[in-house]
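Okay, structure first, notes after.
The values are calculated or read from the model by the stated rules, or taken from the named source; none is laboratory data. None of these values were measured; they are calculated from a predicted model. We place every Cβ from the backbone using ideal geometry, glycine too, and count neighbours over all the protein chains shown.
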Number of protein chains: 2
Amino acid sequence: MKIKLSILLVGLAFLSWSCTPPAVEKTDVNSEVEYLASWNEGPAKQSIIDFVEAVTTEGSPDYVKPEDRIATFDNDGNLWAEQPFYFQVQFGLDQVKSMAADNPEWRNDEILKAAADGDVEKVLSSGEEGLLKIIAASHSGMTSDEFTASVNSWINSAKHPTTGLLYKEMIYQPMLEVLEYLRDHDFKTFIVSGGGIDFMRPWTQEVYGIPPEQVVGSSLKAEFKEIDGEYVIMKIAELNFIDDKAGKPVGIHQNIGKRPIAAFGNSDGDLQMLQYSSGTKGRSFQMYVHHTDAEREWAYDRDSHIGKLDKGLDEAAEKGWTVVDMAKDWKVIYPSQLD
Amino acid sequence: MKIKLSILLVGLAFLSWSCTPPAVEKTDVNSEVEYLASWNEGPAKQSIIDFVEAVTTEGSPDYVKPEDRIATFDNDGNLWAEQPFYFQVQFGLDQVKSMAADNPEWRNDEILKAAADGDVEKVLSSGEEGLLKIIAASHSGMTSDEFTASVNSWINSAKHPTTGLLYKEMIYQPMLEVLEYLRDHDFKTFIVSGGGIDFMRPWTQEVYGIPPEQVVGSSLKAEFKEIDGEYVIMKIAELNFIDDKAGKPVGIHQNIGKRPIAAFGNSDGDLQMLQYSSGTKGRSFQMYVHHTDAEREWAYDRDSHIGKLDKGLDEAAEKGWTVVDMAKDWKVIYPSQLD
């Protein structure tokens, strides 16, 4: 079970596009409508505005003190794309390729050899076992500083195979606007992702405006070491925490220590996080991004391998949670599509 | 080993004093000297000021961007007192006593019966095994919300046996001033304590101005549950993480994701945290509070059961870290001693 999950999440993806810092249009804090400029008018957009106005207007029966305005966001498929694979898997494959020359013993392993030779199909067809090998080879046995340097190098150069965009450009402009809108109303925004915490933290500040300490994710174990007089954190090839499904509320509890009043996701892996946030004493907000846009992005839900949204779709309907119809609700998908 | 550590840290303390919100004198951001008003002039105070000026003055060769100004503080013996026992141990004992009526089976256990009857000496003489029983009985088998309510009730009423102060009043006024001074210079202040994360988070905002999400500590495992239609976090009687010694840099890595440029502690349990922070690329600051004040507080170091400071004292001397002489450097100990 642990191994399965670890793949789904430490395991992450494929795609290619070019980069400018996320643009968020806004005027002043009081003109709410200006905030969500890439959202078409409709019930989804309106539900966000209604919630934020209710909990931030002093004197409102739903008013929430700023210190309790905690909002949590899934990452893959919610803040950036995740097809045809979690992007972190592509990072792992690219890493194995670039590290192969220094690890000649990998030639003796069928999977690692395939990854080193760029035979992605073969690696993926090997299933979980193969992906775990890729993760172990690319995400452990090095210091955290070395790993961070690798991630930084990759995130600033690697491009998605079909879009041609940098992976970090495949972020959702409308969600950037939600982050900005919430923060301007004194929310603290957190990422709570099944993805690797050490993989996300190097770039979330630049890309989403979310600092490393507000990122919760899956992790490997780590050890403090003194090596040649340097004090370092070594990344160990052993799972520490799986921040997915019922793990998400646990990750929120252990890392944040407060129940979010707003939670945003796109898959059944986010369902428990949305449920947890719905249990606040006061008003709360739950939202699913529904991938309905085969033309501008991808369309997938109940039967998808990546980002399966099945139970969540039913529960959202039953409980009146907001379900964003990407094709209808979003004027643009990526920042580069802004005028 | 796990069991030993768990006692030392989830296990925490005894003492009694009365409460006003921490007062911190200051004028404006530029008049540094006004900030540390409860510090006597001397090398300790000066070293703090020199560091903060060096890393926050634009154009200084040691300048550090605000987002990298991470400062970590041990709690027991560094922000509040810890004698004759970690205060969290007293909380555990008090909890067992108040929960005993609802748990009649505890009468069959020698240790739990002793705790229920208020025979603290007997519990303590039972050593680690006894303390672990107290922690398990008082810190697990309940929801996180129930546990938080217990902590809140205790922290607002329990008094230290010899000082008569509330435990939350036995915080160090000079350290509150350091926290304030750093935050006013755009530092983000974190607690990194061997104490229980769920025990500290309910009151660190009020007492230290540190929000729950900036508290790192030891933890039990937790589980997400739906109980009678309510979504809750259950606290489990199994250790999750020991945030002490070499665990502190690991806790910092997993929870904060950045290396602190300033670290404050008082015992050998903090040594690795101070070492880790000393490994930043730029200028950094390490400080030990040395408990030298038998009259106003307690005097202890190399041979102490609680808060042992032995290796750390040597390493501080060797590396030129700041060592605060409580008796000499601090005008007052607790906020209630301010004029």
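Computed values, structure above
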{"item": "Condition broken by B:Gly217, with the remaining ones in (1) within 11 Å of chain A (Cβ to nearest Cβ); (2) over 18 Å from B:Ala263 (Cβ atoms) satisfied", "result": "(2)"}
{"item": "Residue tally, condition more than 19 Å from B:Asn240 (Cβ to Cβ) and modelled with pLDDT under 95, over region A:229-247", "result": "2"}
{"item": "Every residue from region A:308-326 that is outside any loop (DSSP other than H, G, I, E, B), crowded, with 17+ Cβ neighbours inside 10 Å and touching a His at 6+ places or on another chain (Cβ under 9 Å)", "result": "A:Leu313, A:Ala316, A:Val323, A:Val324, A:Met326"}
{"item": "Residue match in region B:54-68 (condition: modelled with pLDDT of 95 or more, in a loop (DSSP other than H, G, I, E, B) and either within 30 Å of B:Gln90 (Cα to Cα) or in contact with a Lys or Arg (Cβ under 8 Å, 6 or more places away or on another chain) (or both))", "result": "yes"}
{"item": "Filter pass, A:Ile227 being surrounded by fewer than 23 Cβ atoms within 10 Å (Cβ to Cβ), more than 8 Å from chain B (Cβ to nearest Cβ) and not hydroxyl-bearing (Ser, Thr, Tyr)", "result": "yes"}
{"item": "Those residues of region A:258-271 which are surrounded by 23 or more Cβ atoms within 10 Å (Cβ to Cβ) and either part of a loop (DSSP other than H, G, I, E, B) or at the interface with chain B (Cβ under 7 Å from one of its Cβ atoms) (or both), in sequence order", "result": "A:Arg259, A:Pro260, A:Ile261, A:Asn266, A:Ser267"}
{"item": "Condition check for B:Arg201: under 13 Å from B:Asn75 (Cβ atoms), touching a residue at least 40 places away in the same chain (Cβ under 8 Å), of a type in the set (D, E, K, R) and at the interface with another protein chain (Cβ under 9 Å from one of its Cβ atoms)", "result": "yes"}
{"item": "Count of region A:275-305 residues which are buried (at least 16 other Cβ atoms within 10 Å of the Cβ) and either at positive phi or more than 14 Å from chain B (Cβ to nearest Cβ) (or both)", "result": "14"}
{"item": "Where B:Phe51 falls short, out of the listed (1) farther than 17 Å from B:Pro161 by Cβ; (2) modelled with pLDDT under 95", "result": "(2)"}
{"item": "Enumeration of residues in region A:103-138 that are within 18 Å of A:Gly196 (Cα to Cα) and among the polar types (S, T, N, Q)", "result": "A:Ser138"}
{"item": "Residue tally, condition touching a Phe, Trp or Tyr at 6+ places or on another chain (Cβ under 6 Å) and within 14 Å of chain B (Cβ to nearest Cβ), over region A:62-80", "result": "3"}
{"item": "Region B:232-254: number of residues that are touching a residue at least 40 places away in the same chain (Cβ under 8 Å), of a type outside the set (Val, Ile, Thr) and at the interface with chain A (Cβ under 7 Å from one of its Cβ atoms)", "result": "0"}
{"item": "Every residue from region B:162-220 that is closer than 23 Å to B:Phe285 by Cβ, small (Gly, Ala, Ser) and surrounded by fewer than 22 Cβ atoms within 10 Å (Cβ to Cβ)", "result": "B:Gly209"}
{"item": "Filter result for A:Ser193 (within 14 Å of another protein chain (Cβ to nearest Cβ), among the hydroxyl-bearing types (Ser, Thr, Tyr) and farther than 13 Å from A:Leu79 by Cβ)", "result": "no"}
{"item": "Which numbered condition B:Asn240 fails, given (1) crowded, with 21+ Cβ neighbours inside 10 Å; (2) touching a Ser or Thr at 6+ places or on another chain (Cβ under 6 Å)", "result": "(1)"}
{"item": "Checking A:Thr280 against (1) in contact with a Ser or Thr (Cβ under 9 Å, 6 or more places away or on another chain); (2) at pLDDT 95 or above, the condition it does not meet", "result": "(1)"}
